[in-house]
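Okay, so here's the structure we're looking at.
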């Protein structure tokens with residue numbers, strides 16, 4: 001489940017996030033070649049593509065199960081052949097698929113289902129972070145709640161009572177508990193103390209917060225924390 005609320009007009013789609021540096025493997029490539037590519041690109045998953053058709057994803061663990069580095073990967077049955085996005089799908093869809101299937105890459109196909117390229121989850125989260133960062137100064141909070149308790153209108157009203165507005169929001173299912181959702185909010189203020197107190201008073205649980213700092217090194221540290229929070 002994914003829901004978004006955004007006051008900006010720009011929309012980043014899958015085609016904008018394709019990582020041109022990561023090539024697909026072919027079924028007749030060797031295990032050694034696949035492992036070397038994974039090491040070179042610091043990634044543990046790669047797509048398999050034959051004649052421009054996406055065949056699925058192969059993982060580092062699957063390759064290590066084959067003791068012969070000269071063997072081809074044709075003997076390995078790739079996973080997630082039906083997990084991909086179209087070129088015009090929103091980058092939130094990429095995040096949802098990656099979370100649902102515990103993937104580090106997502107394949108992109110065109111309207112005829114031919115392989116176009118691959119997106120890494122880290123690139124997607126970087127785009128997600130830039131979407132927040134490119135708006136006016138403010139903080140980010142992440143809330144956890146039962147789906148039945150989710151009401152963006154109620155949460156917005158509580159936040160606006162503290163003279164603060166929601167600039168963007170992102171809702172996704174908690175990968176560890178499908179009864180829970182995570183709500184990420186970008187606010188137009190950096191002072192969170194009264195907002196957190198209000199949310200706590202109404203029994204909303206804030207599990208993470210990121211307050212903007214003008215220092216570039218601290219901003220990088222906060223972004224790295226953001227990535228670690230999403231286990232990237």
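Just so you know, all these numbers are worked out from the coordinates, no wet-lab data involved. As the structure is a computational prediction, the values presented were derived from the model and not from experiment. Note that we place each Cβ from the backbone using ideal geometry, even for glycine, and neighbour counts take in every protein chain shown.
Observations, loosely collected:
- Distance between the pseudo-spin-label points of residue 102 and residue 53 (7 Å out from Cα toward the beta carbon): 3.0 nm.
- Likely footprinting exposure, 21, 143, 12, fewest C-beta neighbours within 10 Å first: 21, 12, 143
- Spin-label model distance (nm) - residue 161 vs residue 112, 7 Å beyond Cα toward Cβ: 5.8 nm
- From least to most packed, judged by other beta carbons within 10 angstrom and beginning with the fewest, 79, 202 follow the order 202, 79.
- Listed from fewest to most Cβ neighbours within 10 Å, the set 199, 158, 63 follows the order 158, 199, 63.
- Pairwise FRET efficiency - residue 197 versus residue 154, Cβ, R0 = 22 Å, nearest 0.05: 0.85
- For the range 1-119, share of DSSP beta bridges that run antiparallel, in % to the nearest 5: 80 percent
- Label-point separation, residue 37 to residue 70 (7 Å along Cα→Cβ), nm: 2.1 nm
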